[in-house]
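Visitor: Please find one structure pasted underneath; my questions will follow.
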Amino acid sequence: MNTPSADAASGSVEQLITDEHAEIRAHLAHLREFASALPALDEATAHQRATAILDFLTTGLLPHAAIEEASLYPAIDTLIGAGATRTMCLDHQAITDMIAELSTVVNGQLEPAARAEAERLLLVLDGFVTTHLWKEDTAYVPLLAQLDSAAYTALHAAIAAHVGDHDHGH
């Protein structure tokens, strides 16, 4: 447990991850709000709000998943065993597939059936991503203090670079 002190400017790895998860949860509120409002929105407004949601999902959430798969999950696998994070990668694939499905639905005519399907996908994504983040915060973040100094520092650099590289104002 030779984990270094966190850089004061960017915080510990644990704090970077939990802060980003909090930011993602805040964005997920937009999915719920849009799902609730969708039945009454005019076509143009519905498409405009869908575009903003899809922007966050594709340029915020999916890159977050990619950095986890490239840095966090390998670090966790070294602690608890190769392949231990495989189910979380499968969650990422399911999320990616749902985002693609949502994109297809909202980029077409938003007839009542399409609106109902978009609403369903928005709410499923919200619940699925919320649960996924909870699993990471509960099962993985507490383990990070067990990383050796070099692994912790490398993970910190990867996560800090990602966190500093995004901005989503919805």
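Visitor: I'd like to check something: does the stretch 96-104 contain any residue that is without any contact (Cβ under 8 Å) to a residue 12 or more places away in the chain, under 25 Å from SER36 (Cα atoms) and assigned to a loop (DSSP other than H, G, I, E, B)?
Guide: So far as the stretch 96-104 goes, no, none of its residues is without any contact (Cβ under 8 Å) to a residue 12 or more places away in the chain, under 25 Å from SER36 (Cα atoms) and assigned to a loop (DSSP other than H, G, I, E, B).
Visitor: Right, another one. Has the stretch 85-97 got any residue that is within 19 Å of ILE159 (Cβ to Cβ) and in contact with a Lys or Arg (Cβ under 9 Å, 6 or more places away or on another chain)?
Guide: Yes, because at least one residue in the stretch 85-97 is within 19 Å of ILE159 (Cβ to Cβ) and in contact with a Lys or Arg (Cβ under 9 Å, 6 or more places away or on another chain).
Visitor: Among the listed residues ALA151, ALA118, ALA65, ALA160, identify the single one that is part of a helix (DSSP H, G or I), in contact with a helix residue (DSSP H, G or I) (Cβ under 7 Å, 6 or more places away or on another chain), within 17 Å of PHE34 (Cβ to Cβ) and among the small types (Gly, Ala, Ser).
Guide: After applying the criteria, what remains is ALA118.
Visitor: Now for a separate question. Please give the number of the condition ARG49 fails out of (1) open to solvent by 30 Å² or more (accessible area, probe 1.4 Å); (2) over 17 Å from ASP126 (Cα atoms); (3) over 12 Å from the mean Cα position of the chain (by Cα).
Guide: Just one mismatch for ARG49, condition (2).
Visitor: Which condition does THR87 not pass, out of (1) more than 14 Å from LEU133 (Cα to Cα); (2) part of a helix (DSSP H, G or I); (3) polar (S, T, N, Q), if it passes all the others?
Guide: Result: THR87 passes all but (1).
Visitor: List every residue pair whose Cβ atoms sit under 8 Å apart, with the two residues 6 or more apart in sequence or on different chains, where the first one lies in the stretch 126-155 and is within 28 Å of PHE56 (Cβ to Cβ) and the second, anywhere, is modelled with pLDDT under 95 and outside any helix (DSSP H, G or I).
Guide: LEU144/THR3
Visitor: So which residues in the stretch 72-98 are out of contact with any Phe, Trp or Tyr (no Cβ under 7 Å at 6 or more places or on another chain), open to solvent by less than 40 Å² (accessible area, probe 1.4 Å) and hydroxyl-bearing (Ser, Thr, Tyr)?
Guide: Correct list: TYR73 only.
Visitor: Please identify the pairs in which a residue from the stretch 55-71 that is surrounded by fewer than 18 Cβ atoms within 10 Å (Cβ to Cβ) has its Cβ atom under 6 Å from the Cβ atom of a residue that is hydrophobic (A, V, I, L, M, F, W, C), counting only partners at least 6 apart or on another chain.
Guide: Correct list of pairs: GLU69/CYS89.
Visitor: For the stretch 1-18, which residues satisfy the criterion of being of a type outside the set (Gly, Ala, Ser), over 20 Å from THR78 (Cβ atoms) and either part of a loop (DSSP other than H, G, I, E, B) or modelled with pLDDT of 95 or more (or both)?
Guide: GLN15, THR18
Visitor: In addition: Residues being open to solvent by less than 70 Å² (accessible area, probe 1.4 Å) and closer than 25 Å to GLU136 by Cβ: count how many of those fall in the stretch 24-46.
Guide: Of the residues in that region, 9 qualify.
The values are calculated or read from the model by the stated rules, or taken from the named source; none is laboratory data. All values reported here derive from a predicted model rather than from experimental measurement. In this analysis, Cβ positions are derived from the backbone assuming ideal geometry, glycine residues included, and neighbour counts consider all displayed protein chains. For accessibility, only protein heavy atoms count, side chains too; no ligands or nucleic acids. Shrake-Rupley method; radii C 1.70, N 1.55, O 1.52, S 1.80 Å.
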